[in-house]
Amino acid sequence: MTDTLIKPSRALGLRRPRDPNRPIWDEQPSVAGQATKGSILTVVMALIIVPVYAVVLTSFSTQGSINRAGGLVLVPDGLTLNSYRQMLSGGPVARALFVSLGITTVGTVVSMVVSVLCAYGLSRARSLAHRFLLMILVVTMFLSGGLIPTFLVVNGLGGFNQYWALILPSAVSVFNILVLRSFYSGTASELIDAARMDGASEWRILWSVVLPTSRAVTAVITLFYAVGYWNSFFNVMLYMPTASEKWPLQYVLYEYVNLGMNMPGQVNAGYGVAGHQATTPLALQMAVVVLTLVPIALITPFMQKHFAKGMLTGAVKG
């Protein structure tokens with residue numbers, strides 16, 4: 001009689017009978033539930049992939065293809081590399097690319113050094129005034145001096161039109177320090193005590209014990225800082241609005257794509273490639289967008305395993 005009642009429910013795609021050996025929160029979903037989740041994931045993936053595909057394809061398209069498509073190109077037609085030749089021919093985009101790489105590299109190193117040292121010091125229970133300093137850091141997450149005082153301080157220190165103004169004002173994230181501190185606090189005390197018995201200093205313990213056991217969270221925080229520096233353009237608007245030769249790639253993208261302006265020095269610097277037909281502005285804009293996406297797209301797959309491990313370790317204890 002039981003089998004007779006269960007079979008129609010399976011035929012209708014209802015929830016399968018509960019397995020007594022599985023906990024209630026780990027039951028197998030119904031066929032209808034799996035189909036719904038798959039449909040939602042497919043839609044979300046399409047919403048992400050289709051715009052990226054259109055941007056990349058448009059950057060490789062000719063003027064005629066873009067005119068026929070009426071904007072972004074979805075069907076390949078008349079592909080060309082003129083946009084990338086023009087963009088990387090020594091003009092402002094090529095210069096801005098090197099500026100962005102330099103700022104991202106230096107800024108990430110500075111931020112990680114400061115964050116790791118601060119987090120390790122706050123994670124040691126016997127460190128000087130660690131609770132007081134921790135409370136000060138937490139307060140800064142909710143209260144700040146404001147934009148104008150920050151600008152006045154940086155400008156008063158001579159940071160206007162200087163590269164360090166794009167790094168130091170945003171070099172430290174209190175949230176990242178707290179995440180690192182929680183991991184460092186969870187490092188096995190036996191390992192640290194054994195290192196101290198062997199005569200290791202605090203620097204040695206940090207380098208040889210704490211950091212190797214916290215590679216996942218270190219990789220995640222490094223990625224956060226690197227992406228933040230790579231995508232940052234607001235500090236450029238504040239501290240470097242007129243020095244166009246020092247602009248990073250994101251601000252050039254903001255000026256050229258969002259505001260629809262000509263790139264600084266485009267005409268005077270001979271921006272273009274001799275012997276090639278002039279590239280449509282839309283194709284050039286999309287080429288700049290693709291260039292800003294490439295570094296993050298190349299780095300993220302290598303950091304994915306550390307990212308997943310770091311997030312799971314931070315969410316689940318015990």
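Structural remarks
- Restricting region 56-73 to residues that are hydroxyl-bearing (Ser, Thr, Tyr) and touching a residue at least 40 places away in the same chain (Cβ under 8 Å), the residue that is surrounded by the fewest Cβ atoms within 10 Å (Cβ to Cβ): Thr62
- Lone qualifier among Tyr254, Tyr271 - being out of contact with any helix residue (DSSP H, G or I) (no Cβ under 6 Å at 6 or more places or on another chain), within 25 Å of Tyr163 (Cα to Cα) and modelled with pLDDT under 55: Tyr271
- Of all residues in region 175-216, those being basic (Lys, Arg) and either under 15 Å from Leu122 (Cβ atoms) or touching a residue at least 12 places away in the same chain (Cβ under 8 Å) (or both) number 2.
- Out of Val153, Val110, Val179, Val106, one residue alone is of a type in the set (Val, Ile, Thr), within 20 Å of Val236 (Cα to Cα), part of a helix (DSSP H, G or I) and in contact with a Gly (Cβ under 9 Å, 6 or more places away or on another chain). It is Val153.
- Yes/no for Trp230 being surrounded by fewer than 17 Cβ atoms within 10 Å (Cβ to Cβ) and of a type in the set (Phe, Trp, Tyr): no
- Residue in region 173-182 that is of a type outside the set (D, E, K, R), modelled with pLDDT of 85 or more and farther than 26 Å from Val220 by Cβ present: no
- On inspection, Ala194 does not qualify as surrounded by fewer than 17 Cβ atoms within 10 Å (Cβ to Cβ) and in a loop (DSSP other than H, G, I, E, B).
- Inside region 146-184, residues that are within 16 Å of Met240 (Cβ to Cβ), surrounded by fewer than 16 Cβ atoms within 10 Å (Cβ to Cβ) and within 17 Å of the chain's Cα centre (by Cα) make up a count of 0.
- Flag for Leu101 being in contact with a helix residue (DSSP H, G or I) (Cβ under 7 Å, 6 or more places away or on another chain) and either exposed (fewer than 15 other Cβ atoms within 10 Å of the Cβ) or at pLDDT 85 or above (or both): no
- Among residues of region 217-229 that are under 9 Å from Asn176 (Cβ atoms), those with a Cβ under 6 angstrom from a residue that is hydroxyl-bearing (Ser, Thr, Tyr), sequence gap 6+ or separate chain, pair up as Tyr225/Thr108; Tyr225/Ser111.
- Selection from region 113-144 of residues that are more than 22 Å from Leu211 (Cβ to Cβ), polar (S, T, N, Q) and not in a helix (DSSP H, G or I): Ser144
- Test result for Val236, at pLDDT 80 or above, outside any loop (DSSP other than H, G, I, E, B), among the β-branched types (Val, Ile, Thr) and farther than 30 Å from Gly78 by Cα: yes
The values are calculated or read from the model by the stated rules, or taken from the named source; none is laboratory data. In this text, all values refer to a predicted model and were calculated from it rather than measured experimentally. Using ideal geometry, Cβ is built from the backbone for each residue, glycine included, and neighbour counts are taken over all protein chains shown.
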